Amino acid sequence: MARAAGARGRPGRCGLGGRCGRRALLACVAWTAGWVLAATLLLRAHPGVPSERCSDEKSRRILAALCQGYRGGALGGDLCEDLCEAGQLRYRRCLYYERGKKVLQADWRGRPVVLKAKEEAFSSFPPLGLLDGQPEAGGQDLPEAELLVLAAGEARSALGLEPAEGGLGRLGLARRGPRRRGQLASLWALLQQEEFVLLSLLRGRSPHAPPVLGSCGHFYAVEHLAAGSPGHRALFPLGPDRGRRGQARAVSGVALSFLDMVRHFDHDFAHRLHLCDVKPENFAIRSDFTVVAIDVDMAFFEPKMREILEQNCTRDEDCNFFDCFSKCDLRVHRCGAQRANSNLQVVCDKIFRHWFSSPRGSSAMSGPLRGQLQAAVQEAHGPTQSTRPQTEHMAPRRAHGCTQSSRPHTEHTAPHG
């Protein structure tokens, strides 16, 4: 004990200069830096986190590479000439990059449009095998029937169902000319993008989906509309503020259009169209207050939805796919193939609840709108798409005059496709 006390009373090997303190500080800094680096790499690798910053410089390089491929005959499309030669399709700004997806704003002959692609580079898409061995100007003699079979297979993979009769004709498979090889290669890349396939087949069939206006290589163009934002006081840009009455009329129009969109997607196609990522940013409104689903990467027809949901599970939370929920059957540890919540419930939770919970929104919920929303609430409280009776776990609950699913929203745990 005496020796120990003496040892505490005199300087150790660290010396009076505090070398141990400096070493400990350096070690702490190095340890912290290591953890910061590891966390950064982890975040970059996480699929739910954008991996790169949206920049004008990189966006211009992407389009320059697209035009280089067009001039070399490797790709084509009805917008390539305007983009690469005529100067009629001009880049304006980068909107966002997310998990490889590139979304850019441009002006096309005085009209604002959005250019979208699932991947940055044309070479990221597997090539069309039928073009192997064909000369640079080849593709003229490829049998149309075989092309249609291949295109139908890609559409079936993307949508989970057979495309409607004549639906693939609008994709221009039969066009012939000196650039047919590049056009077929580009169409093959487009067919591997689920959103392009869905929007192409909905063209002219839905007021709530933007039509595909054209394409160049793997990029396709849709109309540019001002998207919603959770930071916007009314969720959506509703034009100049014309007072309380004008604001109420705008909110009412948008709310009614949301209800019409839900009804339309539920009943107007051969299969129900499920919206699995509902948030203001994924919708926009036209001047007549028509709601448009501008991002349908997570929209699936019933057959594809069943395929996505039916996965292995140990609990109900394993059956969550973004905003689409199923229920785990613990007897066989499989998620139910039928969705347990509905488009209406999610729209109520993610869109309507904002208006019901704010004085500005509540003042707009009057007259015919309140009656229609009351009917919508009753529908949301009714049986779900599953034929089984609702359990307490699956039943929706009232929230600010609307309903929301009692299941918490989590990142998807069921694999896509």
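The values are calculated or read from the model by the stated rules, or taken from the named source; none is laboratory data. Quick caveat, the model's predicted, so the values are computed rather than measured. Reconstructed Cβ throughout: ideal geometry from the backbone, glycine too, with neighbour counts over all protein chains shown. In case anyone asks, the SASA skips ligands and DNA or RNA and just uses the protein heavy atoms, side chains included. Shrake-Rupley method; radii C 1.70, N 1.55, O 1.52, S 1.80 Å.
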*Are there any pairs, at least 6 apart or on different chains, whose C-beta atoms fall under 9 Å, with the first in segment 326-355 and closer than 19 Å to Val292 by Cβ and part of a helix (DSSP H, G or I) and the second open to solvent by 30 Å² or more (accessible area, probe 1.4 Å) and at pLDDT 95 or above, and if so, which?*
Asn343/Arg272; Leu344/Arg263; Lys350/Lys279; Ile351/Lys279
*Of all the residues that make up segment 249-290, how many are touching a strand residue (DSSP E or B) at 6+ places or on another chain (Cβ under 7 Å), crowded, with 19+ Cβ neighbours inside 10 Å and not polar (S, T, N, Q)?*
11
*Scan segment 89-122 for residues that are among the aromatic types (Phe, Trp, Tyr) and surrounded by 17 or more Cβ atoms within 10 Å (Cβ to Cβ) and jot them down.*
Tyr91, Tyr97, Trp108, Phe122
*Ala74 is checked against (1) among the aliphatic types (A, V, I, L, M); (2) exposed (fewer than 13 other Cβ atoms within 10 Å of the Cβ); (3) modelled with pLDDT under 95 and fails just one. What number does that condition carry?*
(2)
*Just to be sure, is Glu98 under 15 Å from Leu190 (Cβ atoms) and in contact (Cβ under 8 Å) with a residue 12 or more places away in the chain?*
no
_Identity of the residue in segment 295-315, in a loop (DSSP other than H, G, I, E, B) and closer than 24 Å to Gly228 by Cβ, that ends up least open to solvent (accessible area, probe 1.4 Å)_ = Val296
*asked:* For segment 277-319, which positions are touching a Pro at 6+ places or on another chain (Cβ under 7 Å) and among the hydrophobic types (A, V, I, L, M, F, W, C)?
replied: Val292, Ile294
*Of all residues in segment 181-195, how many are open to solvent by 10 Å² or more (accessible area, probe 1.4 Å) and closer than 17 Å to Asn282 by Cα?*
1
*Yes or no: Arg242 open to solvent by 60 Å² or more (accessible area, probe 1.4 Å) and modelled with pLDDT under 80?*
yes
*asked:* at pLDDT 95 or above, polar (S, T, N, Q), buried (at least 19 other Cβ atoms within 10 Å of the Cβ) and outside any strand (DSSP E or B): is that true of Ser206 in this structure?
replied: yes
*Which numbered condition Phe265 fails, given (1) modelled with pLDDT under 90; (2) not in a loop (DSSP other than H, G, I, E, B)*: (1)
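Out of the residues in segment 216-231 meeting the condition of being of a type in the set (Gly, Ala, Ser) and open to solvent by 10 Å² or more (accessible area, probe 1.4 Å), tell me which one is farthest from the chain's Cα centre (by Cα).
The qualifying residue farthest from the chain's Cα centre (by Cα) is Gly231.
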